[in-house]
Amino acid sequence: MSEEQQQGIDLHLSVSPHIRDRESVPSIMLTVVLALTPAAAASVFFFGMRAVVLLFVCIVSCLASEWLIVKFMLRKPSTLGDFSALVTAVLLAFNLPPGLPWWMAAVGSLFAIGIAKMTFGGLGNNFINPALAGRAFLMAAYPAAMTTWGAPRGGSLSGLAGAVDAVSRATPLAAFSKAVETGTFQALDFQEALGDLFIGNVGGCIGETSALAILAGALILLYRRVIGFSTPVFYIGTVFVLFWAFNGTGGYFTSDAFIVPVYQICAGGLMLGAWFMATDMVTTPITRTGKIIFGTGCGVLTYVIRVYGGYPEGVSYSILLMNLLTPLIDRYTRPRMYGKVKKRG
Amino acid sequence: MFNLFGTFSFSGGVHPPHHKSLSEHSAIEILPPPPKVYIPLSQHLGAPARIVVKKGDTVKLGQMLGEAGGFVSAPVHASVSGKVSTITDFPHPSGKSMTAVEIENDGRDEKADTAGMNWRESAREEVVKKIADAGIVGMGGASFPSHVKLSPPAVKPIDTLIINGAECEPYLTADYRLMLEKTQEILLGACILKKVLSAKKVYIGIEDNKPDAIAKVSEAARDDEYGQISVARLKTKYPQGGEKQLIQAITRRQVPSAGLPMDVGCVVHNVGTAYAVWDAVVNGTPLYQRVVTVTGAAVGKPSNLLVRIGTPMRYVLEYCKTDFTKVKKLIMGGPMMGLAQSSVDAPVMKATSGLLTLTELHPGERAHYCISCGNCLRACPIKLVPSFIAKFVGAGMYSQAEQWNCMDCIECGSCAYVCPAKINLVHFMKLGKYHVAAARAKAAAEKKKA
């Protein structure tokens, strides 16, 4: 013991700064979980026990997968304390149809955490969104189960009564594309469906149906500065503009066709994707310009997949594809440094 | 940067809690000199001073102990009168042991012969020489020899002199008290500097968390005696007191990368330096004491003390009733950029703006991997991407770190302060700078051989 230590003086050394702000990775993740609770409550309200089961299975499976892999394969201290596995679990559950067998949800969770996240080094090292990777895996492995829908309690599958054929109107998006395809599009029908669509009284994956609940959560994220406006506004805005311009109903930016983009942004996984998945920090660009490019790219891809692709829904794949472009976007959107000297010639 | 309410600012920055209320109401108090002082020969950037006294010599207060070791250097002076008992290595606040002159204080404070000068009628070179001979260095903490800043080449004319009263570091209140208590002396110091530089405009930048200092200085500056001096009211944000940020906020100019403020016609001096310049030029007093803020939760009586250079930190802390058992970290300076001390026996130097006792260690948890949240790049006042640079340095990719401009980092600590993963980004920036500098030196040496 040094003379100073004997006097009760024990000084610690480190590089500056010697103070830190309070925000931490766990506090950010918990804020996201808090922001997801309105949508979780909506999912239970509309889909009942099925939603509870899926949420429970995903949470247990994701946490268990991460804990087992870290403890027995990596032999490191547990990483569950950063709450990122909890966020992935809830987001994955939100992307599943209510009727999905629970064991499929467990397998999807194992893929999301084990393959998409842990093989690359865990939180911060993954290059694609783990929840969306899990969903994509399940779509490929169990396509039938992943596209079997159930009506919400007290509501209809697509939110539409009337003109559109009952068998093929599985979800609002499917109903829309069918209507445009068969030329039976009637703005009025879709206008009536908007209310249901906004609050979530329609068929779809358990967490994506209620735009209202998602927006409530998004406000929490914005207020706590966990996310910014760039990605969601440009994502939703691009989808809106594209659907208003090119909507197969005859006119470009007509007031008659205005219902189409409004319907499109409330339908399917766009709200959930734009506010919660495309804003995932790890897998998206770090600069504001990069986020704008990312959001716009997702918007274009979502439009293209919804209109020309085989699936009525394009959000998951749009985001996953843009995730792959993130390192490139980051490299070319460097901020202009203070005092940057312009090169001559 | 300039908003409707007349408050200046810069891009980026963070808002750590001020904690200035601990010491801001304590008027400057003179600390009685200790029985022994230890004057380091290296208290400034540049070459250490060259010793000119020897063991056994009797010295007077203000007598030169070491002459400047080159152009970018400064002399050091005795801060007490007495006998030189030994000249050897002592603990130094930088962490290494360095040569210092130990003087036994005879308690008489017998002054060496000094004389002021009539600066208004002297040539600027004479005034600069007076400042250099007095050992004046930057008192904001960087301790750059001031006469070097006052000798810009003719091709770089200076139109703006900025006096830095921002004091943006949390806890520190030394400059604040100086502005309240020695207002006229600071303004006169600014006038002397203005004459030396032939500057056209003079600003005193003060952060708006010090409204009474802004009021007092503005009021005093109205007197025609000082010519035109404007008070620039700055938005309180760390690191507003950084030279580059101050220039950007007040003049909207950006110092070019690898350049100096004189490249955009500006020179910045701390208010403490302005005071020291006044004392040296008008009274002939060399730099042998300074105001130090002693603060933090372990200090029983937080104060702003006028301390003789060479006073051991332990003596200063004991005078302020510090409970050493509570101290987890002792910082020379502020909490964002200050140096953590390993020994309480190291002396107070010209650069010691504050002694801060921290009773908690931050961060209290181990680091995570970077989650690319972007807090660091939003906080960086130089608009770098610390997250990427840290990743490059961690992977040994120093040339990429150089391409992403790690050499332009001012090490303010804003990035590490806001990092939620608690990564010490400043550590990586410093490490990157070290490797890039080494690689550049190697390349230059090889070029010379060829």
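Scan B:PHE8, B:PHE71 and give me the residue that is touching a residue at least 40 places away in the same chain (Cβ under 8 Å) and loosely packed, with under 14 Cβ neighbours inside 10 Å.
B:PHE71
Keeping to the stretch A:245-262, report how many residues are at pLDDT 85 or above and farther than 13 Å from A:VAL307 by Cβ.
1
Please go through the stretch B:388-430 and give me each residue that is away from chain A (no Cβ under 11 Å) and of a type in the set (Gly, Ala, Ser), ordered by number.
If the condition is that a residue be away from chain A (no Cβ under 11 Å) and of a type in the set (Gly, Ala, Ser), then B:ALA390, B:GLY394, B:ALA395, B:GLY396, B:SER399, B:ALA401 are the ones that fit.
Return the residue satisfying two criteria in turn: it lies in the stretch A:321-345 and is within 15 Å of the chain's Cα centre (by Cα) and surrounded by 20 or more Cβ atoms within 10 Å (Cβ to Cβ), and of such residues it is farthest from the other protein chains (Cβ to nearest Cβ).
Among residues in the stretch A:321-345 that are within 15 Å of the chain's Cα centre (by Cα) and surrounded by 20 or more Cβ atoms within 10 Å (Cβ to Cβ), the one farthest from the other protein chains (Cβ to nearest Cβ) is A:MET322.
With respect to the numbered conditions (1) at pLDDT 95 or above; (2) within 14 Å of chain A (Cβ to nearest Cβ), which one is the sole condition not fulfilled by B:LEU260?
(1)
Every residue, every condition in (1) more than 14 Å from every other protein chain (Cβ to nearest Cβ); (2) more than 28 Å from B:THR86 (Cα to Cα); (3) in contact with a Cys (Cβ under 7 Å, 6 or more places away or on another chain); (4) of a type in the set (Asp, Glu), yes or no:
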| position | (1), (2), (3), (4) |
| --- | --- |
| B:GLY296 | no, yes, no, no |
| B:SER303 | yes, yes, yes, no |
| B:VAL307 | yes, no, no, no |
| B:MET313 | no, no, no, no |
| B:GLU318 | no, no, no, yes |
| B:THR322 | no, yes, no, no |
| B:LEU330 | no, no, no, no |
| B:GLY334 | no, yes, no, no |
| B:GLY338 | no, yes, no, no |
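Please identify the pairs in which a residue from the stretch B:232-257 that is facing another protein chain (nearest Cβ under 9 Å) and free of Cβ contacts under 8 Å to residues at least 24 places away in the same chain has its Cβ atom under 7 Å from the Cβ atom of a residue that is part of a helix (DSSP H, G or I) and basic (Lys, Arg), counting only partners at least 6 apart or on another chain.
Close Cβ pairs satisfying both conditions: B:VAL255/B:LYS244.
I'm trying to understand the selection: among the residues of the stretch B:105-138, which are surrounded by 16 or more Cβ atoms within 10 Å (Cβ to Cβ) and outside any loop (DSSP other than H, G, I, E, B)?
Residues satisfying the conditions are B:ASN105, B:TRP119, B:VAL127, B:VAL128, B:LYS130, B:ILE131, B:ALA132, B:ASP133, B:VAL137.
Using the structure shown, decide if B:THR352 is crowded, with 19+ Cβ neighbours inside 10 Å, more than 7 Å from every other protein chain (Cβ to nearest Cβ), closer than 30 Å to B:GLY300 by Cα and of a type in the set (S, T, N, Q).
Yes: the conditions hold for B:THR352.
Residues checked against (1) surrounded by fewer than 21 Cβ atoms within 10 Å (Cβ to Cβ); (2) away from chain B (no Cβ under 14 Å); (3) free of Cβ contacts under 8 Å to residues at least 60 places away in the same chain:
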{"position": "A:GLY228", "(1), (2), (3)": "yes, no, no"}
{"position": "A:PHE234", "(1), (2), (3)": "no, yes, no"}
{"position": "A:GLY237", "(1), (2), (3)": "yes, yes, no"}
{"position": "A:VAL241", "(1), (2), (3)": "yes, yes, yes"}
{"position": "A:GLN264", "(1), (2), (3)": "no, yes, no"}
{"position": "A:LEU272", "(1), (2), (3)": "no, yes, no"}
{"position": "A:MET277", "(1), (2), (3)": "no, yes, no"}
{"position": "A:VAL282", "(1), (2), (3)": "no, no, no"}
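Tell me which residues, restricted to the stretch B:23-55, are within 24 Å of B:TYR171 (Cα to Cα) and part of a strand (DSSP E or B).
Residues satisfying the conditions are B:GLU29, B:ILE30.
Report, by residue number, each residue of the stretch A:10-26 that is without any contact (Cβ under 8 Å) to a residue 40 or more places away in the chain and more than 7 Å from every other protein chain (Cβ to nearest Cβ).
Residues satisfying the conditions are A:ASP10, A:ARG22.
Return the total of residues in the stretch B:188-236 being buried (at least 23 other Cβ atoms within 10 Å of the Cβ) and assigned to a loop (DSSP other than H, G, I, E, B).
1
Taking the residues in the stretch A:284-297 that are buried (at least 24 other Cβ atoms within 10 Å of the Cβ) and small (Gly, Ala, Ser) as candidates, determine which candidate is nearest to A:SER230 (Cα to Cα).
Only one residue fits best here, namely A:GLY295.
Find the residue count for the stretch A:285-320, including only residues that are away from chain B (no Cβ under 14 Å), of a type in the set (Phe, Trp, Tyr) and touching a residue at least 12 places away in the same chain (Cβ under 8 Å).
Qualifying residue count for the region: 2.
Restricting to the stretch B:257-294, and then to whatever is more than 17 Å from B:VAL76 (Cα to Cα) and assigned to a loop (DSSP other than H, G, I, E, B), can you tell me which residue is nearest to the chain's Cα centre (by Cα)?
B:LEU260
The values are calculated or read from the model by the stated rules, or taken from the named source; none is laboratory data. Quantities reported herein were computed from a predicted structural model and do not represent experimental measurements. Backbone-built Cβ (ideal geometry, glycine too); neighbour counts: all protein chains shown.
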